[in-house]
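Undergrad: Take a look at this one; I'll ask things after.
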Amino acid sequence: MELRNMFKKLFGRNPAVSNEPIEVNHFVSLNQSVNLLQAADETNYKSLFVRVCIDSIAENAAKLKPKVLYKGKTGDEKLQRLLEISPNEYMNAFEFLYKVVTCWATDNNAFIFIKRNKDSGEIEGLYPVNYSNCEFVEYHGELYVRFTFMTGFRMTVAYTDLCHMRRFFGPNDLFGESNEETLKQQVGLINIVNKGLATAVNANNRLKGILKMNLNLKQEDIKANQEQFVKDYMTISNSGGVAALDSRMDYIELKNNSTVADNEQMKVLRNDVMQYFHISENILLSKYSEDEWNAFYESVIEPIAIRLGLEMTRKIFTKHELAFGNRIVFEANRLQYMSSTSKVNLLKETMPLGIFDVDEAREVFNMAPLPEGKGKRRLQSLNFVNYDTADEYQLGGIGKAEPNKQKDDGKGGEEGEQE
């Protein structure tokens, strides 16, 4: 019942009612006659190492700060609150970005449904779309995406109402290339190694030998001899590790040679996965340096921020609004990952130039802004002056140099100079 309510909440109708356009056609692109995408199965995401890689990317990307701008200044405040606090009623802004990036990294495709008010056209919510499969279709010359959900419900949505993030956007004309084939071998080998390690760990629970009785004994006597043998020779108290038997019984040892991958082999497998996601071991272990964080930010987080900003900008705003300079950007305070010494040195060098205001400088140290807007002022050293007024400042406003003017009396240069 709750799932039906969510479906109706997002799309404004009961899922039992078809919303399929009557004359829908498969959309044929340049290289694909059918543009159908099957959602990735859970094999890759169930792998502990793959999940840790994706989680590290999503956790850090979710720290991005959305900003709605109008001609470089603060734009639509209602949209800003939506993006910054709660894009929809089911998740906050952090969870929203985390889910979008997780879908994107897992499937190399992520869709965000833009729900608009039918009357005013205002944005009411932004929803990440989980699907079983989706397909690009065409209706009256317009591009649509037909989603089939795991419950069997189906919904067709105009592509203009969807933000679409793609990764490995190469072979396919419309979708990002799936991770299934690329990661299949590496994840499969990691799973095999993990199973082998579990087998080796559980080897102590397996049969280690056979105690052969050379006499015909009753079952209870065989059991009693077995228990006595284990008690005498296969406990920690048998420090010598030697068993003494007479001719009534023989002990036959069973060899159990479990083979597991060594550290170097595991390292190769993990490096392949880390390289695939452009992530390093120190990032995964949260023990990165400033340089390592900057490299991770520039190669992974910043491209995500650019993708999100551009896609939301072009899908949320109309052409008219875009022409007037409306933009959505995602920013990150990279300075918070600097050491205290680096932060102090940075502010010492830049504050005198008026680059930061007081509140921005406080933010570098994770401090709250000053009350009543007192932190909006900028401090600047008097040792720096405007280039255009440098001469006047240096001479105190007196005796400002003027270009030499030469008297022109119509005579030649030499005669003029003599006069």
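Undergrad: Could you pull out every residue, at least 5 positions away or on a different chain, whose amide H is within less than 5 Å of the one on ASN35? Hs are placed 1.01 Å off N in the peptide plane, and Pro or chain starts have none.
TA: Those lying under 5 Å, H to H, from ASN35 are PHE27, PHE136.
Undergrad: How far apart, in nanometres, would the label points at ARG362 and PHE169 be if each is projected 7 angstrom from Cα along the Cα-to-Cβ direction?
TA: 4.1
Undergrad: Need the full-extension length gain, VAL28 to LEU353, defined as separation in residues times 0.36 nm minus the C-alpha distance. One decimal, nm.
TA: Values: separation 325, 0.36 × 325 = 117.00 nm, distance 5.65 nm.
Going from the current span to full extension adds 111.3 nm.
Undergrad: Using 0.36 nm per residue, how much length does the chain from ASN191 to GLU372 gain when fully extended, once their Cα-Cα distance is taken away? Don't skip to the answer; put the middle values down first.
TA: Values: separation 181, 0.36 × 181 = 65.16 nm, distance 5.73 nm.
Result: 59.4 nm gained on full extension.
Undergrad: Listing ASP41, ASP76, ASP359, ASP119 from the residue with the fewest other Cβ atoms within 10 Å to the one with the most, what is the order?
TA: ASP119, ASP41, ASP359, ASP76
Undergrad: So which of LYS73/LYS118; LYS9/LYS99; LYS287/LYS343 end up more than 24 Å apart, counting from Cα to Cα? Show your work: numbers first, answer last.
TA: Values: LYS73/LYS118 28 Å; LYS9/LYS99 19 Å; LYS287/LYS343 19 Å.
From LYS73/LYS118; LYS9/LYS99; LYS287/LYS343, over 24 Å: LYS73/LYS118.
Undergrad: Can you list which of the GluC sites (Glu not before Pro) found in region 99-176 are DSSP loop residues with at most 13 other C-beta atoms within 10 Å? Don't skip to the answer; put the middle values down first.
TA: Numbers: sites: GLU122, GLU124, GLU135, GLU138, GLU142; in loops: GLU122.
For GluC sites (Glu not before Pro) across region 99-176 that sit outside H, G, I, E and B with at most 13 neighbouring Cβ atoms in 10 Å, the list reads GLU122.
Undergrad: While we're looking at this one, here's another question. Residues with amide H under 5 Å of LEU143's amide H, sequence separation 5 or more or different chain, H placed in the peptide plane at 1.01 Å from N; which?
TA: Placed amide hydrogens put TYR159 under 5 Å from LEU143.
Undergrad: In region 330-360, what chymotrypsin sites (Phe, Trp or Tyr not before Pro) fall in a loop by DSSP, with at most 14 other Cβ atoms inside 10 Å? List each step's numbers first, then the result.
TA: Working: sites: PHE330, TYR337, PHE356; in loops: none.
Here no loop site has a sparse enough neighbourhood.
Undergrad: Please report GLU59, GLU311 as a ranked list, fewest other C-beta atoms within 10 angstrom at the top and most at the bottom.
TA: Details: GLU59 15, GLU311 18.
Result, fewest neighbours first: GLU59, GLU311.
Undergrad: Follow-up. Which far-off residues, 5 or more places away or on another chain, put their amide H under 5 Å from the one on TYR251, with H placed in the peptide plane?
TA: Counting only residues 5 or more places away or on other chains, the set is LYS212.
Undergrad: Right, here's the next one. What are the ³J(HN,Hα) values, in whole Hz, obtained from phi via the Karplus relation 6.51 cos²θ - 1.76 cosθ + 1.60 with θ = phi - 60°, for each residue of region 156-167 in sequence order, with x given for Gly and Pro?
TA: Along region 156-167, the couplings run 10, 10, 4, 4, 5, 9, 10, 7, 10, 9, 10, 10 Hz.
Undergrad: Also, I was wondering about something else. Taking R0 as 41 Å, what's the FRET efficiency between GLU292 and THR318 from their Cβ-Cβ distance, rounded to 0.05? Can you show the working numbers first?
TA: Working: r = 42 Å, r/R0 = 1.02.
The pair GLU292/THR318 has a calculated efficiency of 0.50.
Undergrad: Still on this model: In which sequence would LEU308, LEU79, LEU395 go, from the one with the fewest C-beta neighbours within 10 Å to the one with the most?
TA: So the residues, fewest neighbours to most, are LEU395, LEU79, LEU308.
Undergrad: Here's another thing I want to ask about it. In nanometres, what is the gap between the two model label sites at ASN271 and ILE85, each 7 Å from Cα along Cα-to-Cβ?
TA: 4.9
Taken together, the values in this text are just the output of simple stated rules run on the coordinates, not laboratory data. Bear in mind the structure is a predicted one, so any value in this text is a computation, not a measurement. Counting neighbours? That spans all protein chains shown, and the Cβs are built from the backbone with ideal geometry, glycine included.
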